[in-house]
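As structure tokens, the structure follows; a few thoughts come after it.
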Amino acid sequence: MGWNFLLQHKKTTKNPMIEAILFKFQSFRNRLFQLFDYRSGATMDLIDAVSAEITASSVVKVSLSELFRRKYSSLTDVLNSLFRTNLKVPPTVKGRQQQTLKITQLLAEECAPGPQEKGFALFAIDCTANPRIYAKKITDRTAVHAPNHIPGQKPITVGHEYSVLVHLPNQAMDQELHWVIPLSVRRVESNQIGSQVGLAQLDEISNQTVFRSCFCVSVSDAAYSTKGWAIGIKKWPHVVHIARMRRNRKLYRMPHCGSKTRCGRPRIYGEELLLKCPPQPDLEETTTITTRKGRVYQVLLERWNNVIMQGSQEERTHEHPFDLLRVTVTDQKGKPVYRRPLWAMIAGVRRRDLSSKDAYISYGRRYDIEHFFRFGKQRLGLVNSQTCETRHEENWHWIGLLAYNMLFHARQLTRPVTYPWEKRKVHAITATERPSQVQRDYGRIIRGIGSPAPIPKPRGKSSGRPLGYNSGERPDCPLIRKSVKKGDQESAEQNSVTQDKKSPARAKFRQPKKQYRRVRRIWSKKRPIPIRC
């Protein structure tokens, strides 16, 4: 049925390559369907509906899709049953991670490079915000980073933050169309840092999936060039990390062998390396790049080996050196294209296996994850969930992640779909492989190949809640502020109490002043004061 449907709509002859792509896509969907313990049919329908529905402005409107063969009440049932092994017992954090790891392993198997492919597996890690400004009933809400283009306002919002790890495919066509393959998403709790959560995700992908036998490279922004990453990345010999560094960082060279001060232990830090005026680099390379508009730029790559950052007694970063890369881009006239050069760190045991040019090109592909964030929020509704359950919100992000994977695996089965008001009729295969174009034609593909989910059967109306039942009102959850820590606040209060005992005058000064009511004058200044009897 599926092959005849595709033949009828694509108007082609039987092609072995299309047959292989179709078989792989159906096999992937069947294996994913088997991983859901409860409400597997409704979950699969919801993933297909999110993948195909373009105009849904809210989560409940997704139930109006033709691919969602159930009622809108099944949406809450899916979000409540996802990643659960027992419906009577609430899921634990460890049990949830075990269930999500199974899906991550399946997604990694579908995108892992073959044994004949050369090169390395490239990943990108970043955090994105889910604003929940008016959700007073949801737990663990705090101030998170969110870009704000209004001048004079801080780039923050109130809500949750999610750390996402994606795989950047090696195919040239996928790179040109900015495709990514999201593998893992986790919520950053209020007592966590996004870079720490990203490090745990990279540990899971590089050591517990098929990528454990590959040479892995991760790219990220300046938030991931911290001491924890410099120390943690050395635990995995097959992983190299590339992150942008701010130009005000204080770095050092490794001390020379046998260097020792006049007295005491040997030196830990060598010569100071200032990024404003760095010394002569250890390696220097020049290459050229051509933009999409045909402009040719000269790229100067300067590399310093064995650089360390200042640490502490707990974080001994002087034992974990990395390489420092500076990228300067100039045009044909020798003028700099960007105002400032790019500084990046290359950390890992096998960092020398990665050339400066490969590191620069790999970091340039980091921005593809921003395309996924934009598409996911605008077309897949990642931030449309207004639930008051934090766990349901996390499950909704996983639904969006799986929906994007469905679009990626179905990209080679699409045909051009144009709206009546579009003047340019695009008929090229390469133009239909964009995420937005695949989403237009996704409904036809699923109706043709079918779904592993069974046809729903009506169960009748439930008895509902008993008469007079009152569930009560949900309590308001406080907004967690990271600026004032609990220990610091208690110590500050204790210090203020002890100071008040020592100096009573200061305690008297701290007491609030009495508020006197100002009497309104009812006569003019020149008029004499009336004589009272």
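The values are calculated or read from the model by the stated rules, or taken from the named source; none is laboratory data. This structure is a prediction, so every number in the text was calculated from the model and none was measured. Heads up, the Cβs are rebuilt from the backbone with ideal geometry, glycines too, and the neighbour counts pull from every protein chain shown. Heads up: the accessible areas ignore ligands, DNA and RNA and are worked out on the full protein's heavy atoms, side chains in. Shrake-Rupley method; radii C 1.70, N 1.55, O 1.52, S 1.80 Å.
The table below lists the values:
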item	result
Enumeration of residues in the stretch 283-311 that are under 29 Å from the mean Cα position of the chain (by Cα) and of a type in the set (S, T, N, Q)	T291, Q310
Residue check for Y338: over 14 Å from R303 (Cβ atoms), open to solvent by 50 Å² or more (accessible area, probe 1.4 Å), in a helix (DSSP H, G or I) and not small (G, A, S)	no
Within the stretch 464-495, considering residues that are at pLDDT 90 or above and closer than 24 Å to I193 by Cβ, the one least open to solvent (accessible area, probe 1.4 Å)	C477
Only one of T104, T76, T85, T100 that is modelled with pLDDT of 90 or more and farther than 17 Å from T390 by Cβ	T104
Test: residue in the stretch 199-208 that is free of Cβ contacts under 8 Å to residues at least 24 places away in the same chain and in contact with a strand residue (DSSP E or B) (Cβ under 8 Å, 6 or more places away or on another chain)	yes
Any hit, the stretch 267-276, residues being in contact with a helix residue (DSSP H, G or I) (Cβ under 8 Å, 6 or more places away or on another chain) and not in a loop (DSSP other than H, G, I, E, B)	no
Residues of the stretch 101-115 satisfying the condition of being in contact with an Asp or Glu (Cβ under 9 Å, 6 or more places away or on another chain) and surrounded by fewer than 20 Cβ atoms within 10 Å (Cβ to Cβ)	L101
Residues that are open to solvent by less than 60 Å² (accessible area, probe 1.4 Å) and either under 18 Å from G194 (Cβ atoms) or not in a loop (DSSP other than H, G, I, E, B) (or both), drawn from the stretch 132-147	R132, D140, R141, T142, A143, V144, A146
Selection from the stretch 355-375 of residues that are in contact with a strand residue (DSSP E or B) (Cβ under 8 Å, 6 or more places away or on another chain) and open to solvent by 50 Å² or more (accessible area, probe 1.4 Å)	K357, E370
Candidates L301, L283 - the one that is touching a Leu at 6+ places or on another chain (Cβ under 7 Å) and closer than 22 Å to I242 by Cβ	L301
Matching residues, the stretch 30-58, being outside any loop (DSSP other than H, G, I, E, B), under 24 Å from the mean Cα position of the chain (by Cα) and not aliphatic (A, V, I, L, M)	T43, D48, S51
Filter result for R186 (on the phi < 0 side of the Ramachandran plot and either part of a loop (DSSP other than H, G, I, E, B) or at pLDDT below 90 (or both))	no
Any hit, the stretch 319-335, residues being surrounded by 17 or more Cβ atoms within 10 Å (Cβ to Cβ), of a type in the set (D, E) and not in a loop (DSSP other than H, G, I, E, B)	yes
Qualifying residue in the stretch 221-233 (condition: modelled with pLDDT of 90 or more, open to solvent by 10 Å² or more (accessible area, probe 1.4 Å) and farther than 30 Å from V93 by Cβ)	no
Criterion (without any contact (Cβ under 8 Å) to a residue 60 or more places away in the chain, open to solvent by 30 Å² or more (accessible area, probe 1.4 Å) and not hydrophobic (A, V, I, L, M, F, W, C)) met by exactly one of P155, P169	P155
Y252 in a strand (DSSP E or B) and open to solvent by less than 90 Å² (accessible area, probe 1.4 Å)	yes
Residue in the stretch 262-280 that is surrounded by fewer than 11 Cβ atoms within 10 Å (Cβ to Cβ) and either at pLDDT 90 or above or within 29 Å of the chain's Cα centre (by Cα) (or both) present	yes
Given (1) at pLDDT 90 or above; (2) within 30 Å of V210 (Cα to Cα); (3) surrounded by fewer than 21 Cβ atoms within 10 Å (Cβ to Cβ); (4) of a type in the set (D, E, K, R), index of the condition K118 fails	(1)
Test: R212 is in a loop (DSSP other than H, G, I, E, B) and surrounded by fewer than 19 Cβ atoms within 10 Å (Cβ to Cβ)	no
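Residue-wise test of (1) out of contact with any Phe, Trp or Tyr (no Cβ under 6 Å at 6 or more places or on another chain); (2) surrounded by fewer than 22 Cβ atoms within 10 Å (Cβ to Cβ); (3) farther than 24 Å from S190 by Cβ.
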| site | (1), (2), (3) |
| --- | --- |
| K377 | yes, yes, no |
| E389 | yes, yes, no |
| E393 | yes, no, no |
| L401 | yes, no, no |
| Y404 | yes, no, yes |
| H409 | no, yes, yes |
| Q412 | yes, yes, yes |
